[in-house]
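Derivation of every value follows stated rules applied to the coordinates shown; laboratory data play no part. All values derive from a computational prediction rather than experimental measurement. So basically every Cβ, Gly included, is an ideal-geometry build from the backbone, and we count neighbours across all protein chains shown.
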Amino acid sequence: MTAISGKQSARTPANLPLPIAASASKIALPIAEGLRFERIETIRYLEAAGNYTFLHFSSGERLLVCRTLQDMQDRLAAPYRFVRIHRSYIINIDYLNRYVRGKGGYVVLEGDTSLAVANSRRQDFLNRLERYFR
């Protein structure tokens, strides 16, 4: 018997983002000068800017990264507490202060930042809140 398997390991295509390990507390952010490493829990929300994304941090800093909002959403998927509330915004539920009802409504984050919740994303957002606050 041989210990060598004929199976080759799965390869990730270079153009796909690598998933973040479940234990990772930092994320590599591609910026114009290279990579910047930030703690995931300090990200308050993300804002679309065409093919780029602005990250807004708890310190008040705003950083432009060379990734789309969809790419950032994929990279910040479970187990993190990020939820897409609009085609232009993803929020970190840990920084949520208030949700105000309306057609779609809006959220107020720590620091008095108000962001619209798209009517089409409202139900998913409310479901995520229900699971988060159980």
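Counting the residues of segment 21-43 that are in contact with a strand residue (DSSP E or B) (Cβ under 7 Å, 6 or more places away or on another chain), assigned to a strand (DSSP E or B) and farther than 15 Å from GLN73 by Cβ gives 9. Scanning segment 31-66 for residues that are over 20 Å from VAL117 (Cα atoms) and in contact with a Phe, Trp or Tyr (Cβ under 8 Å, 6 or more places away or on another chain) turns up GLU38, ILE40, THR42, SER58, ARG62, LEU63, LEU64, VAL65, CYS66. The residues of segment 117-134 that are surrounded by fewer than 17 Cβ atoms within 10 Å (Cβ to Cβ) and farther than 19 Å from ILE43 by Cβ, listed by number, are ASN119, SER120, GLN123, ASP124, LEU126, ASN127, GLU130, ARG131, PHE133, ARG134. When ASP112 is tested against the conditions (1) of a type in the set (Asp, Glu); (2) on the phi > 0 side of the Ramachandran plot; (3) under 14 Å from the mean Cα position of the chain (by Cα), the lone failure is (3).
Counting only residues that are touching a residue at least 40 places away in the same chain (Cβ under 8 Å) and part of a strand (DSSP E or B), segment 85-102 holds 5 of them.
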